[in-house]
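Structure first, then comments.
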Amino acid sequence: MSDNILDKLEKQEKELRFESVSFSLLHEIGESILKRAREMGGSVYVMIRVAGDVVYASAMDGTTGNNVQWARRKANTSELAGKSSMHDGLINKARGRQLSERGLSYLDYTEEGGSFPIILTSGVVIGSITVSGMKSEEDHQMIADVLSAFLDKEIPTIL
């Protein structure tokens with residue numbers, strides 16, 4: 001694992017913060033992620049949660065219930081850690097730490113990328129934006145790219 005990737009993930013999480021959030025904004029973000037997935041030739045399930053409640057969900061043709069379960073696990077990880085599921089997973093892999101050592105079950109959490117926390121400028125995490133269906137890194141970067149466009153922020157890419 002490269003420290004450079006961790007630096008990029010930290011930069012993304014620092015830059016991609018919201019002054020305020022509305023359900024209509026989150027819906028627009030979800031639709032933009034689907035559009036980007038189509039442009040990339042992918043098939044994804046997108047789920048956005050606020051305070052643990054799903055406020056947006058959409059599945060493209062080619063996804064299955066398995067994608068829904070992966071999204072739930074990724075979102076749980078991101079919301080618990082307060083950082084992207086990829087960032088949390090890479091930190092724990094570098095430390096040689098398993099989910100079970102943290103008191104977490106693989107049935108409810110994962111070390112894979114694809115969920116990005118919804119962070120307010122105050123630093124408070126209020127939910128997550130999650131994608132499941134492509135490679136872990138692609139799921140993650142798709143969210144980051146869409147948020148970058150919505151928030152008009154320059155971020156590094158991990159791809």
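I need the helices (runs of 4 or more DSSP H) fully contained in region 1-118, keeping only those with at least 1 residues that are under 18 Å from ILE158 (Cβ atoms) and of a type in the set (Asp, Glu).
The qualifying helices (runs of 4 or more DSSP H) are 3-15, 85-94.
Quick one: which of LEU147, LEU120 is within 12 Å of the chain's Cα centre (by Cα) and over 16 Å from HIS87 (Cα atoms)?
Answer to the selection: LEU147.
Looking at region 1-37, which of the residues that are within 12 Å of SER58 (Cβ to Cβ) and out of contact with any Phe, Trp or Tyr (no Cβ under 9 Å at 6 or more places or on another chain) is surrounded by the fewest Cβ atoms within 10 Å (Cβ to Cβ)?
Checked region 1-37; the qualifying residue surrounded by the fewest Cβ atoms within 10 Å (Cβ to Cβ) is LYS35.
Report the residue count in region 55-67 for those that are surrounded by 15 or more Cβ atoms within 10 Å (Cβ to Cβ) and of a type outside the set (Ser, Thr, Tyr).
So the count comes out to 4.
Name the pairs: first residue in region 132-146 and farther than 15 Å from SER32 by Cβ, second residue assigned to a helix (DSSP H, G or I) and of a type outside the set (Lys, Arg), Cβ to Cβ under 6 Å, at least 6 apart or on different chains?
Matching pairs, first to second residue: SER132/ASN67; SER132/TRP70; SER132/ALA71; GLY133/ASN67; HIS140/MET86.
Any idea which residue in region 98-137 is modelled with the lowest pLDDT, counting only those that are of a type in the set (Asp, Glu) and open to solvent by 50 Å² or more (accessible area, probe 1.4 Å)?
GLU101
Of all residues being of a type outside the set (Ser, Thr, Tyr) and crowded, with 21+ Cβ neighbours inside 10 Å in region 38-54, which is farthest from the chain's Cα centre (by Cα)? Just the residue, please.
So the residue we want is VAL44.
Consider region 146-159. How many of its residues are open to solvent by 50 Å² or more (accessible area, probe 1.4 Å) and either basic (Lys, Arg) or out of contact with any Asp or Glu (no Cβ under 7 Å at 6 or more places or on another chain) (or both)?
Of the residues in region 146-159, 6 are open to solvent by 50 Å² or more (accessible area, probe 1.4 Å) and either basic (Lys, Arg) or out of contact with any Asp or Glu (no Cβ under 7 Å at 6 or more places or on another chain) (or both).
Can you run down the residue pairs with Cβ atoms below 7 Å, 6 or more apart or on separate chains, where the first is in region 72-84 and buried (at least 22 other Cβ atoms within 10 Å of the Cβ) and the partner is small (Gly, Ala, Ser) and in a helix (DSSP H, G or I)?
Correct list of pairs: LYS74/SER85; THR77/SER85; SER78/SER85; SER84/SER78.
Yes or no: ILE129 of a type in the set (A, V, I, L, M, F, W, C), part of a strand (DSSP E or B) and in contact (Cβ under 8 Å) with a residue 12 or more places away in the chain?
When the stated conditions are applied, ILE129 passes them.
The values are calculated or read from the model by the stated rules, or taken from the named source; none is laboratory data. Here the structure is a predicted model, which means the values were calculated and not measured. Glycine gets a Cβ as well: all are built from the backbone with ideal geometry, and neighbour counts include every protein chain shown. To get the accessible areas, we keep the full protein, side chains included, count just its heavy atoms, and leave off ligands, DNA and RNA. Shrake-Rupley method; radii C 1.70, N 1.55, O 1.52, S 1.80 Å.
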